[in-house]
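Participant: Here's a structure for you.
None of the figures in this text is laboratory data; all of them are computed from the coordinates on show. Keep in mind that what you see is a predicted model, and the values were worked out from it rather than measured. Note: ideal-geometry Cβ built from the backbone for every residue, glycine included; neighbour counts use all protein chains shown.
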Amino acid sequence: MPLVEITPEISYLPSVENPISSDVVFIKPAGSEITWIFDTGANSDAAEIINSIEGKKNIVISHFHPDHILNLLKVKYDNLYVTKYTKKYTRGGTVVDSDISFPDGIKIYQLPSSHSKGCLALEYKDYAFLGDATYCHFRLTAREYNVQLLEQMIKRMELIEAPNFCLSHDKGFVQPKESVLRIYRKILARRKAGNPTINVNDFFNEDGGVKESEDSLGNNAKVKL
């Protein structure tokens, strides 16, 4: 599968469903000797591309689910950035517990999430890569958001300077920041007093799109991890 170019500095390998493997992002800032990689995926194509890159490689893992992390066992890299929750699975890496900015323009920070504990986002110029952080939690047959975490997530997303959000597993990988925020504000508006969660089983169409809205979240509603 070929890489998709977003800009001359940014490209990504799209996610696949069989075997399930996340989008893998490659950023080579102009003038930098480092290639930044956001998530490693889980399929052989992703591992081969990562290992084919020459020079220094820094990997940022969005969260610890297998489709984002499995290829760490198969690839070579120089530095790894994770949360304390992800480090339990990687057994190594620099723990990111506060916002980090690098001289080449890369920013890494935590993003509150109902989907998984300890999610990291990576921002570079006009693009913020959010992994699965915006997605819901799956509990048996229920798709839910924790109200408190959803509020915190929206507030953090509003502070992101990049005008474009990139959501893993989504057919529309790059989406306008305001379109994404509009969806989650609609979900938050469904909260009910005294209920700590918001059920979104009826919020999504079968294809993952959002009902009563032209906005779409692509495949993300179907990712059951």
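Participant: Want the number for LYS192 to LYS117: 0.36 nm per residue separation, take away the alpha-carbon distance, what's left?
Facilitator: Working: separation 75, 0.36 × 75 = 27.00 nm, distance 2.36 nm.
Length gained, LYS192 through LYS117: 24.6 nm.
Participant: As a quick test, which of the pairs LYS28/LYS87; LYS76/LYS107; LYS107/LYS171; LYS56/LYS76; LYS28/LYS125; LYS28/LYS107 have an alpha carbon distance above 18 angstrom in this structure? Mind dumping the intermediate values first?
Facilitator: On the way: LYS28/LYS87 25 Å; LYS76/LYS107 22 Å; LYS107/LYS171 25 Å; LYS56/LYS76 10 Å; LYS28/LYS125 12 Å; LYS28/LYS107 14 Å.
Too far apart for the 18 Å limit: LYS28/LYS87; LYS76/LYS107; LYS107/LYS171.
Participant: Could you tell me what percent of the DSSP beta bridges with both partners in the chain are antiparallel, to the nearest 5? Could the numbers behind the result be given before it?
Facilitator: On the way: 33 of 47 bridges.
DSSP beta bridges in the chain are roughly 70 percent antiparallel.
Participant: Additional query: With 10 Å bins from zero, work out the P(r) of segment 59-116 over every alpha carbon pair and list the percent per bin.
Facilitator: Pairs per bin, as whole percents: 21, 56, 23, 0.
Participant: Taking θ = phi - 60°, what integer Hz values does the Karplus form 6.51 cos²θ - 1.76 cosθ + 1.60 yield along segment 79-96, in sequence order, with x for Gly and Pro?
Facilitator: Along segment 79-96, the couplings run 9, 10, 10, 9, 8, 5, 6, 5, 4, 4, 9, 7, 6, x, x, 7, 7, 9 Hz.
Participant: Under 5 Å between amide H atoms, partner at least 5 residues away or on a different chain: which partners does SER21 have, H built in plane at 1.01 Å?
Facilitator: Counting only residues 5 or more places away or on other chains, the set is VAL16.
Participant: To continue, here is another question. What's the long-distance tail for segment 1-73, i.e. % of Cα pairs beyond 18 Å? Mind showing how you got there, number by number?
Facilitator: Numbers: 836 of 2628 pairs.
That tail contains 32 percent of the Cα-Cα pairs.
Participant: Determine ³J(HN,Hα), in whole Hz, for all residues of segment 58-67 in sequence, where each value follows from phi through the Karplus function 6.51 cos²θ - 1.76 cosθ + 1.60 and θ = phi - 60°; x replaces Gly and Pro.
Facilitator: Each residue of segment 58-67 in turn: 10, 10, 10, 9, 5, 6, 8, 5, x, 5 Hz.
Participant: Tell me, what ³J(HN,Hα) does each residue in segment 175-188 have, in order and in whole Hz, if you take phi through Karplus 6.51 cos²θ - 1.76 cosθ + 1.60 with θ = phi - 60° and put x for Gly and Pro?
Facilitator: With the stated coefficients, segment 175-188 comes to 9, x, 3, 5, 5, 5, 4, 4, 5, 6, 5, 5, 5, 4 Hz.
Participant: Given the chain reduced to its alpha-carbon atoms as identical point scatterers, what log10 I(q)/I(0) does the Debye formula return at q = 0.10, 0.13, 0.15 Å⁻¹?
Facilitator: -0.41, -0.71, -0.96
Participant: Mind listing which trypsin sites (Lys or Arg not before Pro) in segment 142-184 are in a DSSP loop and have 15 or fewer other Cβ atoms within 10 Å? Write down the numbers at each step before the final one.
Facilitator: Working: sites: ARG143, LYS155, ARG156, LYS171, LYS177, ARG182; in loops: LYS171.
Of the trypsin sites (Lys or Arg not before Pro), the ones in loops of segment 142-184 whose Cβ has at most 15 other Cβ atoms within 10 Å are LYS171.
Participant: Could you rank the peptides 93-99, 77-83, 193-199, 57-63 by their average count of other C-beta atoms within 10 Å per residue, with the highest value first? Before the final figure, lay out the partial values.
Facilitator: On the way: 93-99: 14.0, 77-83: 18.0, 193-199: 12.1, 57-63: 25.0.
Ranked by mean Cβ neighbours within 10 Å, highest first: 57-63, 77-83, 93-99, 193-199.
Participant: Round to the nearest 10 and give me the degree value, 0 to 90, for the angle of helix 147-159's Cα axis relative to the longest principal axis of the chain.
Facilitator: Around 50 degrees separate the two axes.
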